[in-house]
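A short write-up of the structure that comes next.
The values are calculated or read from the model by the stated rules, or taken from the named source; none is laboratory data. Nothing here was measured: the structure is a model prediction, and the numbers come from that model. Glycine also receives a Cβ, built like all others from the backbone with ideal geometry; neighbour counts cover every protein chain displayed. In case anyone asks, the SASA skips ligands and DNA or RNA and just uses the protein heavy atoms, side chains included. Shrake-Rupley method; radii C 1.70, N 1.55, O 1.52, S 1.80 Å.
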Amino acid sequence: MPVVIETLQSLPPGDVLAVRGLVAAVTTADGVAPLSEQSLLHLEDSTAGAQHLLLRQDSSVAGYAQLEADGSAELMIDPLHRRQGHGRALLEAVAAQSGTGLRVWAHGDGAGARALASQLGYERSRVLLQLRRGLSGELPEAVWPPDVTVRTFEPGRDEAAWLAVNAAAFATHPEQGQWRLSDLQQREQQEWFDPKGFFLAEHDGELVGFHWTKIHREETPPIGEVYVVGVHPAAGGKGLGRALTLEGLHHLRSSGMTDVLLYVDESNVAAMKTYERLGFTRWATDVMYSRA
């Protein structure tokens, strides 16, 4: 059967549907989604600067990879078309497009991804952990630093201030700190977006921290998420991050969630300690592989 790898700057609607179907098939087979939220949003966003690589076998899309402008990539192969060398061919095609410094995510850290990375000389360079905890047990109340007030996000008013604090809080983070207004507005348009679950902490009228929660209603049962917590460096060391986290957890519990998840870099020791003290434990692992 002939195999062709096609590189596109934007995906036609039919290919978007095919890729979404492939995501569903891979998720069912592997128990973990092969693409991140950002990559799913970029399927239909031609302004994001992503490249789309489609591996076609006959008339079907048997594999897909997305190469971001920052040199990171994600890829997946249809479970029905595996063990035919497609994963290696698709990864080599992505590497050829990226030039140097390619970084590839393996969601779930599966044995197949580890074997392919080893064969092609890729090494683990980053580990992203998914942590979880239940919400039915004891949950401490939020204790706020002096002169800090809390309110919820107002679309159309708070974008610029939030982007500034987010950039400061995640100045060294390879993804979160690079958000643009279009990234924020794109998420405001998603069905899951709820400003009532987006908490802003202010001191003397200035934004100093936030906790943006998310509810995955597509899951059975639905599960809450600590989507992102950020504190401006100038307001650090006062317990604001813990208070914001607890504020969001209470909101998720009052919204009917029985469990909550979050993602954190394994190397972020301070955040790991904060979340572990709040009862979070490791659930799943995503690994980034790199090759010079």
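Between the amide H of Gly209 and those of Ala201, His232, distances stay under 5 Å, these residues lying 5 or more places away or on another chain, with hydrogens modeled in the peptide plane. Legend: Rg and Dmax of the stretch 218-292, from Cα coordinates, 14.3, 48 Å. Note on the stretch 205-250: Cα Rg divided by 2.2 N^0.38 Å, N the number of residues, gives 1.35.
For the stretch 136-222, GluC sites (Glu not before Pro) are listed when DSSP marks them as loop and at most 14 other Cβ atoms sit within 10 Å of their Cβ; the list is Glu138, Glu141, Glu175, Glu191, Glu218, Glu219. Distances between placed amide hydrogens fall under 5 Å for Ala284 paired with Gln130, all partners being 5 or more residues away or on another chain. The charge dipole of the chain, taken about its Cα centre with unit charges on the Cβ of Lys, Arg, Asp and Glu (plus for the first two, minus for the last two), comes to roughly 800 debye. Calculated FRET efficiency, Thr281 to Arg180, Cβ-Cβ distance, R0 = 22 Å: about 0.05 to the nearest 0.05.
Overall shape: prolate for the stretch 82-145, with the ratio a/c of the largest to smallest alpha carbon gyration tensor axis at 1.5 or above and a/b above b/c.
Work out the FRET efficiency for Glu141 and Glu206 from their Cβ-Cβ distance, taking R0 = 30 Å, and round it to the nearest 0.05.
The computed FRET efficiency comes out at 0.75.
Think of each Lys and Arg Cβ as +1 and each Asp and Glu Cβ as -1; about the Cα centre, that makes the dipole of the stretch 1-155 roughly 560 debye. The 3J(HN,Hα) values that the Karplus relation (6.51, -1.76, 1.60; θ = phi - 60°) gives for the stretch 41-54 are, in residue order, 5, 6, 4, 10, 10, 6, 8, 6, x, 7, 9, 10, 10, 10 Hz. Gly and Pro appear as x. The solvent-accessible area of Arg180, taken with every protein chain present and a 1.4 Å probe, is close to 110 Å². The Kirkwood hydrodynamic radius of the stretch 185-231, based on inverse pair distances between different Cα atoms, is 11.8 Å. Applying the Karplus relation 6.51 cos²θ - 1.76 cosθ + 1.60 with θ = phi - 60° to the stretch 133-147 yields 3J(HN,Hα) values of 8, x, 10, 7, x, 5, 9, x, 6, 6, 10, 9, x, x, 6 Hz, where x marks Gly and Pro. Placing a label point 7 Å from the Cα of Asp109 along the Cα-to-Cβ direction, the residues of the stretch 125-151 whose backbone N falls under 12 Å from that point are 125-131. Over all other residues within a Cβ to Cβ distance under 12 Å of Glu74, the charged ones net out to -2, with Lys and Arg as +1 and Asp and Glu as -1. In the calculated pair-distance distribution of the stretch 36-79, the portion above 17 angstrom amounts to 32 percent of the Cα-Cα pairs. Full extension of the chain between Val127 and Ser60 yields a length gain of 20.8 nm, computed as 0.36 nm times the residue separation minus the alpha carbon distance. Applying the criteria of a DSSP loop state and at most 16 other Cβ atoms within 10 Å to the GluC sites (Glu not before Pro) of the stretch 32-130 yields Glu44.
Where only DSSP H runs of four or more residues are counted, the chain gives -9500 deg cm²/dmol as its mean residue ellipticity at 222 nm, each run worth -39500 (n - 2.57). Our estimate of slack between Lys273 and Arg157, defined as 0.36 nm per intervening residue step minus the Cα-Cα distance, is 38.4 nm. Here the Debye sum runs over all C-alpha atoms of the stretch 10-50 as equal scatterers in vacuum, and log10 of I(q)/I(0) at q = 0.14, 0.18 Å⁻¹ comes out as -0.31, -0.50.
The phi-based Karplus calculation (6.51 cos²θ - 1.76 cosθ + 1.60; θ = phi - 60°) puts the 3J(HN,Hα) values of the stretch 215-223 at 10, 8, 7, 6, 7, 10, x, x, 9 Hz, whole numbers, x for Gly and Pro. Per residue, the convex hull around the alpha carbon atoms of the chain comes to 133 Å³. Rounded to the nearest 5, the antiparallel percentage of DSSP beta bridges internal to the stretch 57-135 is 65%.
Local charge sum around Gln178 (other residues, Cβ-Cβ under 11 Å, Lys/Arg +1, Asp/Glu -1)?
-3
Expressed in Å, the radius of gyration and Dmax of the Cα atoms of the stretch 138-292 are 15.4, 49. Take the Kirkwood radius over Cα pairs of the stretch 94-199, plug it into Stokes-Einstein at 10 °C and 1.306 mPa s, and you get 87 µm²/s for translational diffusion. Sorted largest first, the spans of the alpha carbon positions of the stretch 30-167 along the three principal axes are 61, 38, 30 Å.
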